[in-house]
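Reviewing the structure listed below.
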Amino acid sequence: LPLLWKPAANAKVPAAVVDKPVGCIDLAPTFCKIAGIDVPDWMDGSPLPVSNQDADDQGREYSFTQYQSHTPDASIIMDSMFANDIKCVIYDRSKTYDGTEGELYSLKEDPGESVNLWDDP
């Protein structure tokens, strides 16, 4: 589940590519770190790692993401999980999906996510 972001130049955050799991839950702690304030104890997530070693030091092994989008004509509710080179997306019941659809990929064997294994026994 890629996350692309570019902080403001004055944030002094070096550009980096990190191949470890991260999530949107890490954005608020990252903003706190950039602002130079402590991450509150009640806040989930960790500041985004700036390298794979930094991610390893943080113990990043998996990530979970939830997404919802609702319009008058369609709605999408999906839960995603990434762990151990496996990506799984479950489409919850909504106006658009009946709740049985999903996506399942072996990112090690299929890094381009071109073969959906969801219905493969």
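A few comments on the model shown:
- Taking a Cβ cut-off of under 14 Å around LYS108, the surrounding Lys, Arg, Asp and Glu residues balance to a net charge of -4, with basic ones at +1 and acidic ones at -1.
- A straight Cα-to-Cα reach below 18 Å connects LYS6 with the lysines LYS20, LYS33, residues fewer than 8 places away in its own chain not being considered.
- Other residues lying with their Cβ under 12 Å from the Cβ of ASP119 contribute a combined charge of -3, Lys and Arg counting +1, Asp and Glu -1.
- For the stretch 44-121, size of Cβ-based charge dipole, Lys and Arg +1, Asp and Glu -1, in debye: 220
- Only protein heavy atoms count here; on that basis, with a 1.4 Å probe, MET43 has an accessible area of about 40 Å².
- Given R0 = 35 Å, the distance between the Cβ atoms of ALA28 and LYS108 translates into a calculated FRET efficiency of 0.65.
- Per residue, the average separation of C-alpha pairs within less than 8 Å and at least 6 apart gives the chain a relative contact order of 16 percent.
- Charge context of GLY99, other residues only, Cβ under 13 angstrom, K/R +1, D/E -1: -2
- Solvent-accessible heavy-atom area per residue, rounded to whole Å², over the chain at 1.4 Å: 71
- Sulfur and carbon atoms: percent of accessible area, the chain [1.4 Å]: 53
- Counting only aspartates and glutamates at least 8 places from LYS87 when in the same chain, those with an alpha carbon closer than 18 Å to its own are ASP19, GLU61, ASP79, GLU101, GLU103, GLU109, ASP110, GLU113, ASP119, ASP120.
- Ellipticity estimate at 222 nm from DSSP helix runs (n ≥ 4, -39,500 (n - 2.57)) divided over the chain, nearest 500: -3500 deg cm²/dmol
- For the chain, the longest site-free run once trypsin sites (Lys or Arg not before Pro) in DSSP loop states with at most 15 other Cβ atoms within 10 Å are removed: 13-92
The values are calculated or read from the model by the stated rules, or taken from the named source; none is laboratory data. Note that the structure is a prediction, hence the values are computed from the model and not measured. Virtual Cβ from ideal backbone geometry, glycine too; neighbours counted across all protein chains shown. Ligands, DNA and RNA are excluded from the accessible area calculation, which covers all protein heavy atoms including side chains. Shrake-Rupley method; radii C 1.70, N 1.55, O 1.52, S 1.80 Å.
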